[in-house]
Every structure is written in structure tokens, then in C-alpha cells.
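The values are calculated or read from the model by the stated rules, or taken from the named source; none is laboratory data. All of these numbers come straight from a predicted model, not from anything done at the bench. Surface areas here come from the heavy atoms of the whole protein model, side chains and all, with no ligands, DNA or RNA. Shrake-Rupley method; radii C 1.70, N 1.55, O 1.52, S 1.80 Å.
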Amino acid sequence: MRTPTTLTRPPRRTVTAAAVAVFGALVLLLAGCTAQTPGLLSSSPSPGYLSADETVREIPADQRDDPVTFTGTTDTGEQADSTAWAGSVVVVNFWYAACPPCRAEASDLEALAQTYQPDGVVFIGVNVRDSADTAAAFENQFGITYPSILDATTGTVQAAFAGKAAPGAVPTTIVLDRTGRMAARIIGQLPTRTTLAALIDTVLAETSP
């Protein structure tokens, strides 16, 4: 678009405010898809390990909360019920299609799902925003083979994880032990594929109750 020659430059204060607003938006985008909710995130059990930036938390077995149970309809129209996975380690990933960190970590999650399938580890996504068609398009693009519960309308899975995963902290990845208790959590994009693998390995090595 051509700029009219009569256009005057806005006052310096206006330009500065706009620049700050843009910079702030970029920082939020890079940090995660949406702002986190510290109140919900900080109410989980006292951790045995907490990373310096508090994005990775690992919880010893004797400090874990009660089991989390949840149900929901997947993007393929099937019913998912966490009680059916009793005795298995479960990895729960909260995501939605337009979330840049979710897109960046998708291939790592799928690779880990394939790696740990022989060990009986269950991977389940929780889509917090999209329709079935949008979720399916994302999964086709990134080759995701494990299902996702569509939670945008009901919010029941997010409610089940209240105090463990804030709805605004997307992506969030949680590892549940064989009894359904939260054993580890990563807020934001996976730091590396091996980070989540190490958390899964720790829980897999635990003696079954």
C-alpha cells in the first residue's frame, strides 16, 4: 500500500508503547501458546526434582497425589477411559493445532509413543481447543498415531487435572504412574526428546504396587 506523503510521524511515546506491546506479544508466543496460571500449577505435591526454570518436575512415589481418572470422546469418535489403562504408565499431552510449541514437539511425542509401545506405555492427547476435523488434520500432517480426547467443549479432562495442569499452560505433558498418579510434568515444549524419555524410564522402573 502506498503511504500518503502528508502522513506525519506519530509522537515518540506512541511508537515506544507500540513497540513494547509487540515485543511483549512475541515473548508470550515464544514462551508458550498461552499464559500460564501459577496458582493451579503450584498446588501439586512437593517435588523430588524441579528444574531451574521450573518447567520439569519429577515427584517421588511417596509424595504423589491421588490417582487422576478421566474420560472423553476422541477425535475418532471413540470413548477413552483412563481406568482401562490401570497398571500402565500413561503420558498425557495437552495441545491444540495452532500452538507453535505443540507443532514443534509433535514428532518427538510420536517417536516416543512408538519407542515405548512395546513397554505398554499409553500416549493420549488432550486437545483443548479444536474440532475433530482440525485435530485430525494436525495428526495427519505430523503422523500422530495415538488418539486425542476433544476437550474444548466439555473441559472435563482439564477439570480432572486441576492443580496439576493449568488450562492456560499449553503444551503441558504429564506422566502418570501405573496407579494413575502424576509422577512427572513438563510445562511448555519438551526441552528434548530424551527429557521425557528419562521421566518415562524412571516410572517404568518402579516396582508395581
Run the accessible area of region 80-189 with a 1.4 Å probe and give the carbon-and-sulfur part as a rounded percent.
51
Let me check something: with ligands and nucleic acids excluded, how do ASP81, ASP151 order by accessible area (1.4 Å probe), largest to smallest?
ASP81, ASP151
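Give the shape of region 86-198 as rounded, prolate or oblate, defined through the alpha-carbon gyration tensor: a ≥ b ≥ c are the square roots of its eigenvalues, a/c under 1.5 means rounded, and otherwise the shape is prolate if a/b is larger than b/c and oblate if not. Provide the component values of the computation, followed by the final result.
Values: a/c = 1.42, a/b = 1.12, b/c = 1.27.
Since a/c stays below 1.5, the shape of region 86-198 is classed as rounded.
By how many nm would the segment from ALA111 to THR179 lengthen if fully extended, with 0.36 nm per residue of separation less the alpha-carbon distance? Show your work: numbers first, answer last.
Details: separation 68, 0.36 × 68 = 24.48 nm, distance 2.44 nm.
Value of the extension gain: 22.0 nm.
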What figure, in Å² to the nearest 10, do you get for the accessible area of ARG193 with a 1.4 Å probe and non-protein molecules left out?
100
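Apply the a/c threshold of 1.5 to the C-alpha gyration tensor of region 63-106 and tell me whether it is rounded, prolate or oblate.
Working: a/c = 2.61, a/b = 1.40, b/c = 1.86.
Because a/c hits 1.5 or more and a/b fails to exceed b/c, region 63-106 counts as oblate.
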Where a ≥ b ≥ c are root eigenvalues of the Cα gyration tensor, a/c under 1.5 meaning rounded, otherwise prolate if a/b exceeds b/c and oblate otherwise, region 144-195 counts as rounded
Round to the nearest 10 and report in Å² the accessible area of THR83, as given by a 1.4 Å probe over the protein chains' heavy atoms.
80
Please compute the per residue accessible area over region 101-182 with all protein chains in place, 1.4 Å probe, rounded to a whole number of Å².
37
Rolling a 1.4 angstrom probe over the protein chains, ignoring ligands and nucleic acids, what is the accessible area of LEU150 in square angstrom, nearest 10?
40
